[in-house]
Amino acid sequence: MNLYPFAAEMLQILIILAIAPAFVGWVRMLKCWLQGRTTAGLFQPYRDLMKLFAKDVILAENASWIFRFTPYIVFGTATLAGGIIPMLSVDLPLAASADAIVLVALFAIARFFTSLAGMDIGTAFGGMGSSREMTIASLAEPAMLMAIFTVSLAAGSTSLSQIVQVVFSGQSVLRPSLAFAFLAFVLVSLAETGRIPVDNPTTHLELTMIHEAMLLEYSGRHLALFEWAGMMKLTLFMALGAVLFFPWGIGTGSIIASGLAFVFLLLKLAAAGIVLVLIETGLAKMRLFRLTEFLGSAFLMATLGMLSFFILE
Amino acid sequence: MNIAPIELAGAAVILLLGSAVLAMFLSRFQHLLVAVSFSLASVASLVALVAGAWTVSSNIANQAVMAIGLPDLPFHLRLDPLAGFFLTIVGGLSFFVSIYSLGYVKGIIAQRPVTRLVVFYALFLAGMFMVILADDALFFLVAWEVMAAASYFLVLFEDEHLENRRAAFLYMVVAHVGAIAILLSFGVMAGLVTGFEGFHGYTFDAMRQAEYTPAWATAAFLLSFFGFAAKAGVIPLHVWLPEAHPVAPSNVSALMSGVMLKTAIYGIVRVTFDLIHVFPWWWGALVLMLGLISAVLGVLFALMQNDLKRLLAYSSVENIGIVLIGIGLAMIFTSFQLPLLAALALTAGLYHALNHAMFKGLLFMGAGGVLHAAHERNMEKMGGLIHMLPWTSGLFLVGCVSISGLPPFNGFVSEWLTFQAFLLSPSLPSPLMKLLIPMGAALLALTAALSAACFVKAFGVTFLGQWRGQHAPQIHEVNWPMKLGMIMAAVCCLFLGILPTLVIDWMDSVPEHLVGSKISTTAGAFGWMWLTPVARERASYSGPMVFFVILAVIVIAYLILHVKKGSIKRVPLWDCGFEKVTQRMQYTSTSFAMPLRRIFGFFFSIRERVKLDPQAAHRAFPGKMHYALRIRDRFWGWIYKPLVDASFLMSRLVGKLQQGRIQTYLIYSFVTIIFLLMVTR
């Protein structure tokens, strides 16, 4: 039995766990530079996590087991998602256990439990965050799946490894369906990862926060797990975009190819961070009820991609 | 041992009928009555479950003829894999619910006599089993009516409320309009068999062998689809469902939503795939379209509900829609001669039917537990029950996760299979369908996402936070039989989600019989761990891997974080430095659904009123605020209201004939006789 795929799998999970905070640090650094502030450095997120892990947990009196269980399940699904997306190699054992639809569903599990945790304490903010998060998710998920369906129709498979191989081999052909799907994917990723213009990860202003409102009551290691999982989610979405639409340099089995894939991944993430910061700096946060149009247009893009797949290709 | 499955199934029916008769003699000893009849019902359900599962796995068809019925028209029974599959569903959930009822009905004895509930419960189960076993139109309709009438009396169990009587009446009307359509459909088919000359076309065997002209076949299909859709609660024929299901006792609601709707699905599959078996693609398109509409609108209506049981009832409309999506796709693929894809889509639809029975049964049983403990159905007044009902809340959560289509539970598997069926539609020859069918996948995705929102609301508002009512009542956890019934259903949800390959392997004889292809050769090609419906390159899902990897990460993270004993401090709620936070500040069911209500508001007829009571001091400081919100189904106003008005008008006009004087009536008879003499001579 070839042990290499398992080694690649473990390595990939560890790498995602390790570089996710650095990616967030990179995004924050870029943002500071663009806004003319001094930065806290690439490694500030690591220090934040260390601090949170070291602190005691403070729980509200009426917190139930759901409140304490949720950080772990959110972290667990994020880690599994990190093992599914073929970033270093297409030959991953976990990649066969879940395809693109399962990946979307994994993020849905995390969201489901986070929303429940938001309602567990019984404060107005938690419920507000849960309600808004589920609203946005129910608009974003169809658009996300449509974008993924377009890619998987083009590739003839929903398996991520297979999509990567097909898109990679046919890269010279410019496919309009993939271009539309990519645009839709970008818009949806902003919503799914809670970035401007949908949500602002740095705000704690009562009426504008969405994701943060659900985590408001968390502290200590629970909060650290949430933060870490959130960082991984952001990194994974960027990596997923890079893997699905720009799959250059993903290895197919050898160690050197995987090493090269790692370098490519870092470069692609760096570029994705720049794009993300440009979008975030250029736009303002939208009102909640304007998001229908935003996500509607994402859905429209994905639909156009699917139509152009059938008409043009 | 020489027992055929059909004999077992027959024994189950006889046992139930016997227990109904026995119940009448035991009505003076209510506790004994409940213990005996529900034990008998659970044994009978278990027997039916074994018979069904055995038939499906051994891939055989038994037949039997009973010399009862009309003279020269005996009843025919048949148990083939399709019937066996549905018998398994009905038997399985009935078993869990019967165990649950042992505890649940005991709680009702104190309030009212339960003989009626017990008798009709047994008849209801017997009716459902007979519908599935029937192999001729006559027996089918008799069984169908037994099921409908028994469930009517069960809906009417708490008949002192006007609301319940109205719901039961509405249910009866819709059930009978549907039954007439089914009767006519069988009439058309049976008539065509013998050229409208003899009666012997009434067996399903005769119908199966007949050739129908397209026009007659279409008439038969449309009539039967209308009839079964009315029973299944397909939008726009759903209005009775959210009225009737919530008012029945919860164990009955679980059966009505979980399995009675499935008998209608069974009817649709039986008539299209088995009896008519050659059909044009647009039948499938019709089923698919109505399925999509039911799925999306069903879940949107469910989101707007504040009554826990009504929410669950509307969500049944949604899930029936998802089942119909699978069946509609299977019909389209069959008509284009793509048996493998048809088998995939049919498996997806039937798998969802099985899953829905399990999680909806579980959720209704959980709602029954809440109702039993808190005497409250309105979610706006509940909250924080997780502390008082740890078992019920945990099991209800399993149901919520399953129904929201989240891995590793069962709802996800069937939705995933349906998505795969959608994504295979490009192999259809017609370019228009290639284009339009994947759009359906988007609607299914919307449904799945909205149902997650709906069940976050249902669980979050009911069980989390703090009690929203005036003063919290004394609430105790439910008793053991109730817990046991729910635990078994929850275990089934997990099992069906983690090991779909085993289940698909087992149920593959159903698509093999109906569409002539099976998917287990490819679906389980890579061992029991991986579900690969078409090919490994196409798509794969491994329930066990997803489950165990997430579990492993959780355990590892937990252990690492608890190496050093970190302290947890329990403190009062952080109130942002203002005055005390009260439970009235929590988000409620209405406020949770508000953003979605605003976005999808055009589907409903919404009337929102805010009235401010002016205070003496100043207009800017109102004393009290009245808020009223009314959300209605538009279909009621569009379709049903005109029909109701028209029928009232008609009956008023006819009523003018009734003078109440014998002389007038004699004149009517006289005029009629003269008229008939003139006409017929």
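The values are calculated or read from the model by the stated rules, or taken from the named source; none is laboratory data. Note that the structure is predicted; figures quoted are calculated from it, not measured. We place every Cβ from the backbone using ideal geometry, glycine too, and count neighbours over all the protein chains shown. We work out accessible area using only protein heavy atoms, side chains counted, and drop any ligands, DNA or RNA first. Shrake-Rupley method; radii C 1.70, N 1.55, O 1.52, S 1.80 Å.
Within region B:431-457, the set of residues being over 18 Å from the mean Cα position of the chain (by Cα), among the small types (Gly, Ala, Ser) and more than 7 Å from chain A (Cβ to nearest Cβ) comprises just one member, B:GLY440. Residue under question is B:ILE606, and the condition is that it be away from every other protein chain (no Cβ under 11 Å) and among the hydrophobic types (A, V, I, L, M, F, W, C); does it hold? So B:ILE606 fits the description; yes.
Given B:GLY361, B:GLY394, which one is within 12 Å of chain A (Cβ to nearest Cβ) and within 26 Å of B:SER98 (Cα to Cα)?
Details: B:GLY361 fails: within 12 Å of chain A (Cβ to nearest Cβ).
Going through B:GLY361, B:GLY394 in turn, just one is within 12 Å of chain A (Cβ to nearest Cβ) and within 26 Å of B:SER98 (Cα to Cα): B:GLY394.
For region B:471-582, the helices (runs of 4 or more DSSP H) that sit wholly inside it and include 2 or more residues that are more than 16 Å from B:GLN420 (Cβ to Cβ) are B:480-498, B:500-507, B:509-515, B:543-561. Pairs meeting the criteria (first residue in region B:274-289 and aromatic (Phe, Trp, Tyr), second residue assigned to a loop (DSSP other than H, G, I, E, B), beta carbons under 8 Å, at least 6 apart or on different chains) are B:TRP281/B:PHE336; B:TRP281/B:SER430.
Please find, within region A:35-89, the residue that is most open to solvent (accessible area, probe 1.4 Å) out of those that are of a type in the set (S, T, N, Q), assigned to a helix (DSSP H, G or I) and more than 8 Å from chain B (Cβ to nearest Cβ). Please lay out each step first, then the result.
To start, the set of residues in region A:35-89 that are of a type in the set (S, T, N, Q) comprises A:35, A:38-39, A:44, A:62, A:64, A:70, A:77, A:79, A:89.
Now drop any that are not assigned to a helix (DSSP H, G or I), which leaves A:44, A:70, A:77, A:79.
Then drop every residue that is not more than 8 Å from chain B (Cβ to nearest Cβ), which leaves A:44, A:70.
Details: A:GLN44: 53, A:THR70: 0 Å².
Step by step, filter region A:35-89, then rank; the result is A:GLN44.
All of (1) in contact (Cβ under 8 Å) with a residue 40 or more places away in the chain; (2) within 14 Å of chain B (Cβ to nearest Cβ); (3) in contact with a Leu (Cβ under 8 Å, 6 or more places away or on another chain) hold for A:LEU11 with one exception: (2). Could you tell me which residue of region A:90-99 is modelled with the highest pLDDT, considering only residues that are closer than 22 Å to B:LEU551 by Cα and in a loop (DSSP other than H, G, I, E, B)? Restricting to residues being closer than 22 Å to B:LEU551 by Cα and in a loop (DSSP other than H, G, I, E, B), the top hit is A:ASP99.
Using the structure shown, decide if B:ALA175 is open to solvent by 10 Å² or more (accessible area, probe 1.4 Å) and within 16 Å of the chain's Cα centre (by Cα). Yes; evaluated as a whole, the condition is true for this residue.
Working only within region B:592-603, note down all residues that are open to solvent by less than 60 Å² (accessible area, probe 1.4 Å) and facing chain A (nearest Cβ under 7 Å). Result: B:PHE592, B:PRO595, B:LEU596, B:ILE599. Annotation: of all residues in region A:125-143 being touching an Asp or Glu at 6+ places or on another chain (Cβ under 9 Å) and free of Cβ contacts under 8 Å to residues at least 60 places away in the same chain, the one that is farthest from B:ALA445 (Cα to Cα) is A:ALA137.
Please verify whether region B:404-412 includes one or more residues that are assigned to a helix (DSSP H, G or I), crowded, with 24+ Cβ neighbours inside 10 Å, more than 9 Å from chain A (Cβ to nearest Cβ) and in contact with a helix residue (DSSP H, G or I) (Cβ under 9 Å, 6 or more places away or on another chain). Spell out how you get there, then give the answer.
Of region B:404-412, the ones assigned to a helix (DSSP H, G or I) are B:410-412.
Pick out the ones that are also crowded, with 24+ Cβ neighbours inside 10 Å and you get B:410-412.
Cutting the leftovers down to more than 9 Å from chain A (Cβ to nearest Cβ) gives us B:410-411.
Imposing the further condition that a residue be in contact with a helix residue (DSSP H, G or I) (Cβ under 9 Å, 6 or more places away or on another chain) reduces the set to B:410-411.
Yes, region B:404-412 has at least one match.
Of all residues in region B:604-641 being open to solvent by less than 70 Å² (accessible area, probe 1.4 Å) and outside any strand (DSSP E or B), which is farthest from B:VAL456 (Cα to Cα)?
B:ALA620
Scanning region B:29-41 for residues that are without any contact (Cβ under 8 Å) to a residue 60 or more places away in the chain and under 18 Å from B:ALA11 (Cβ atoms) yields a single hit, B:VAL36.
Within the set B:ARG112, B:ARG78, B:ARG116, the sole residue that is open to solvent by 30 Å² or more (accessible area, probe 1.4 Å) and under 19 Å from B:VAL50 (Cβ atoms) turns out to be B:ARG78.
Condition first: within 30 Å of B:GLU608 (Cα to Cα), of a type in the set (Val, Ile, Thr) and at pLDDT below 90. Can you find one or more residues in region B:627-635 that meet it? Let's see the steps before the verdict.
Within region B:627-635, the first condition is being within 30 Å of B:GLU608 (Cα to Cα), and the residues that meet it are B:627-635.
With of a type in the set (Val, Ile, Thr) added as a condition, the list becomes B:631.
Filter again for at pLDDT below 90, leaving B:631.
Yes: region B:627-635 contains one or more residues that are within 30 Å of B:GLU608 (Cα to Cα), of a type in the set (Val, Ile, Thr) and at pLDDT below 90.
Looking at the structure I just gave you, is B:MET358 over 26 Å from B:GLY91 (Cα atoms) and assigned to a helix (DSSP H, G or I)?
Values: over 26 Å from B:GLY91 (Cα atoms): no; assigned to a helix (DSSP H, G or I): yes.
Considered against the rule, which asks whether it is over 26 Å from B:GLY91 (Cα atoms) and assigned to a helix (DSSP H, G or I), B:MET358 comes out as no.
Just one residue in the set B:ILE475, B:ILE556 is within 29 Å of A:PHE113 (Cα to Cα), surrounded by fewer than 24 Cβ atoms within 10 Å (Cβ to Cβ) and within 14 Å of chain A (Cβ to nearest Cβ); that residue is B:ILE556. From the set of residues in region B:360-382 that are under 19 Å from the mean Cα position of the chain (by Cα) and among the hydrophobic types (A, V, I, L, M, F, W, C), which is farthest from B:ASP307 (Cα to Cα)? Per the criteria, the residue is B:LEU362. Among the residues making up region B:564-586, a single one is open to solvent by 50 Å² or more (accessible area, probe 1.4 Å), touching a residue at least 60 places away in the same chain (Cβ under 8 Å) and facing chain A (nearest Cβ under 8 Å): B:GLN583.
Cβ-Cβ distances below 8 Å connect the following pairs, each with a first residue in region B:205-231 that is under 21 Å from B:LEU241 (Cβ atoms), a second residue that is part of a loop (DSSP other than H, G, I, E, B), and a separation of six or more residues or different chains: B:PHE226/B:LEU237; B:ALA229/B:LEU237; B:ALA230/B:LEU237. Quick check: is even one residue across region B:525-533 surrounded by fewer than 20 Cβ atoms within 10 Å (Cβ to Cβ) and touching a residue at least 60 places away in the same chain (Cβ under 8 Å)? The answer is no, given that none of the residues of region B:525-533 is surrounded by fewer than 20 Cβ atoms within 10 Å (Cβ to Cβ) and touching a residue at least 60 places away in the same chain (Cβ under 8 Å). A single member of B:ALA67, B:ALA20 is without any contact (Cβ under 8 Å) to a residue 24 or more places away in the chain and hydrophobic (A, V, I, L, M, F, W, C), and it is B:ALA67.
Filtering region B:373-390 to residues that are open to solvent by 60 Å² or more (accessible area, probe 1.4 Å) and in contact with a Gly (Cβ under 8 Å, 6 or more places away or on another chain) leaves only B:LYS381.
Scanning region A:93-107 for residues that are among the hydrophobic types (A, V, I, L, M, F, W, C) and either open to solvent by 10 Å² or more (accessible area, probe 1.4 Å) or more than 19 Å from A:LEU11 (Cβ to Cβ) (or both) gives A:LEU94, A:ALA96, A:ALA100, A:ILE101, A:VAL102, A:LEU103, A:VAL104, A:ALA105, A:LEU106, A:PHE107. Taking the criterion of being out of contact with any helix residue (DSSP H, G or I) (no Cβ under 7 Å at 6 or more places or on another chain) and open to solvent by less than 30 Å² (accessible area, probe 1.4 Å), the residues of region A:254-269 that qualify are A:ALA257, A:ALA261.
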